[in-house]
Amino acid sequence: GADHPEVAVSLNNIAQLLESQGKYESALPLYQRSLNIQERVFGLDHPEVATSLNNIAQLLMSQGKYDDALPLLQRSLYIFERVHGIDHPNIATSLNNIALLLESQ
């Protein structure tokens, strides 16, 4: 069905392809649909949701939309901390992404 996790994966993959081609405006709604499916299927605090938030934030950062990206990165970090604890590699990646955003502003 339309809310199957594999649909979310496919939407994410297409969005990544569009993003790599510089088609940011076309990629964003696909990333957002993927996120919405994952939130419905897995819940708000699932690692897949955190990864999708990070993907959207990276897209926004590439467009210079830092103020929009920061809360997404912070929410992603929060989810990873709740799920994995503070010593997981995803925490380091999340902190690095936030640092890169702050450095870019």
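The values are calculated or read from the model by the stated rules, or taken from the named source; none is laboratory data. Note that the structure is predicted; figures quoted are calculated from it, not measured. Positions of Cβ are backbone-derived with ideal geometry, glycine not excepted, and every protein chain shown enters the neighbour counts. The area values use the complete protein model at the heavy-atom level, side chains included, leaving out ligands, DNA and RNA. Shrake-Rupley method; radii C 1.70, N 1.55, O 1.52, S 1.80 Å.
Gln32 meets each of the listed conditions (1) surrounded by 17 or more Cβ atoms within 10 Å (Cβ to Cβ); (2) within 12 Å of the chain's Cα centre (by Cα) apart from (1).
Within segment 1-22, residues that are over 12 Å from Leu59 (Cβ atoms) have Cβ atoms under 6 Å from residues that are surrounded by fewer than 16 Cβ atoms within 10 Å (Cβ to Cβ) in these pairs: Asp3/Arg40; Pro5/Val41, counting only partners at least 6 apart in sequence or on another chain. Restricting attention to segment 78-105, which residues are free of Cβ contacts under 8 Å to residues at least 40 places away in the same chain, closer than 26 Å to Gly22 by Cα and either open to solvent by less than 60 Å² (accessible area, probe 1.4 Å) or of a type in the set (D, E, K, R) (or both)? Scanning segment 78-105 gives Ile98, Ala99, Glu103.
Of all residues in segment 41-50 being open to solvent by 60 Å² or more (accessible area, probe 1.4 Å) and not aliphatic (A, V, I, L, M), which is nearest to Ser104 (Cα to Cα)?
Within segment 41-50, the first condition is being open to solvent by 60 Å² or more (accessible area, probe 1.4 Å), and the residues that meet it are 41-42, 44-45, 48.
Those left that are additionally not aliphatic (A, V, I, L, M): 42, 45, 48.
On the way: Phe42: 32, Asp45: 28, Glu48: 26 Å.
Among those that are open to solvent by 60 Å² or more (accessible area, probe 1.4 Å) and not aliphatic (A, V, I, L, M), it is Glu48.
For segment 14-28, give me each residue that is in a helix (DSSP H, G or I) and either loosely packed, with under 12 Cβ neighbours inside 10 Å or among the aliphatic types (A, V, I, L, M) (or both). Write out each step before concluding.
Going through segment 14-28, the residues in a helix (DSSP H, G or I) turn out to be 14-20, 24-28.
Hits for segment 14-28 are Ile14, Ala15, Leu17, Leu18, Ser20, Glu25, Ala27, Leu28.
Contact map, segment 39-53: residues that are acidic (Asp, Glu) paired with residues that are open to solvent by less than 60 Å² (accessible area, probe 1.4 Å), Cβ distance under 7 Å, separation 6+ or inter-chain. Pairs shown: Glu39/Val49; Asp45/Ile79; Glu48/Gln38.
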